[in-house]
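Each reported figure results from applying straightforward, stated rules to the coordinates on display, with no laboratory input. Since the model is a prediction, treat every value here as computed from it, not as a measurement. Quick reminder, even Gly has a Cβ in these numbers, built from the backbone with ideal geometry, and neighbours come from all protein chains shown.
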Amino acid sequence: MDFATLRDRMVDLQIVSRGIRNQSVLNAFRKVERHRFVPKEFSNSAYNDHPLPIGYGQTISQPYMVALMTDLLNLTGVEKVLEIGTGSGYQAAILSELSNKVYSVEKIESLAEKAKATLKETGHGNIEIIVGDGSVGWSDYAPFDAVIVTASCPKEPISLMRQLADNGRLVAPVGSSFSQVLTLYKKKGKETSRREICHCVFVPLIGKEGWEAEVDG
Ligand code: SAM
């Protein structure tokens, strides 16, 4: 089967069937070539229903999880979005299809460089990537209409919430290092509401407002 057919099957069998109906989100998943964001040896598994390794102990998330988090942001095409955890660049590419500008922070320099190269090849030009600790956000460009954290937070991401614009939305996995709750925060004036969506498992957010890095030995 060719990649375009596998991609359509991924959307129908993994994403639509689990309840995601926003046509612009579905179109982005039909369009972005996920196989270009995974290491070559995994190209043939790129459209399967699970995460995949991308090197350095990190992963590209399961397609449905990327779709669910994207859907929760309710993007309309005009937003400024902040992503924490660029990884392969796949989630950034999906966000770039649905918003005006994406800022993405990655802790591991080699992953950030690889993601930049892939996104240049795929023609996603409205994305800026920096290497750094995204647990404290990217204050230079705040406020953001939407924030997405693709690594697990040990507690509520306070700095990131502060960088949300009024009516902004933030989605993040919050919990222990083994299991988290995907949580949606919405800011309205001085109030921020919080909704628990589902259980999930992400690699850790390592940084000042994340987990401490593991010490070898
Ligand atoms: N969104 C990515 C994609 O589409 O491939 C998947 C992200 S992966 C599940 C989590 C990423 O968060 C890893 O690449 C990891 O290096 C990164 N990360 C962990 N702690 C971070 C931090 N404090 N700041 C920025 N990135 C961080």
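See the values below:
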read-out	value
Cα gyration tensor shape for the range 161-217, rounded if a/c is under 1.5, else prolate or oblate	oblate
DSSP-assigned coil residues among trypsin sites (Lys or Arg not before Pro) in the range 84-169, each with at most 14 further Cβ atoms within 10 Å	Lys155
Cross-link partners of Lys186 among lysines (Cα-Cα below 22 Å; sequence separation of 8 or more within a chain)	Lys80, Lys101, Lys155
Residue list for the range 24-48, given a label point 7 angstrom along the Cα-to-Cβ vector of Asp2 and an amide N cut-off under 16 Å	30-36
Model label zone, Thr76; criterion: amide N under 17 Å from point 7 Å along Cα-to-beta-carbon; scope the range 91-135	98-101
The range 3-200: relative contact order in percent, alpha carbon pairs under 8 Å with at least 6 residues between	14 percent
Built amide H within the under 5 Å cut-off of Phe144, gap 5+	Leu164, Ala165
Gain in span if fully extended, Ser177 to Lys155, counting 0.36 nm per residue against the direct Cα distance	6.8 nm
Computed FRET value (nearest 0.05) for Val131 with Asp49, which takes r as the C-beta separation and R₀ as 35 Å	0.70
GNM top mover of Glu33, Glu121, Glu83 - the chain, alpha-carbon springs below 10 Å	Glu121
At R0 = 25 Å, FRET efficiency that the Cβ-Cβ distance of Cys198 and Leu13 yields, to 0.05	0.85
Candidates Ala92, Ala115, Ala142, ranked by Gaussian network fluctuation over the chain, Cα under 10 Å, top entry	Ala142
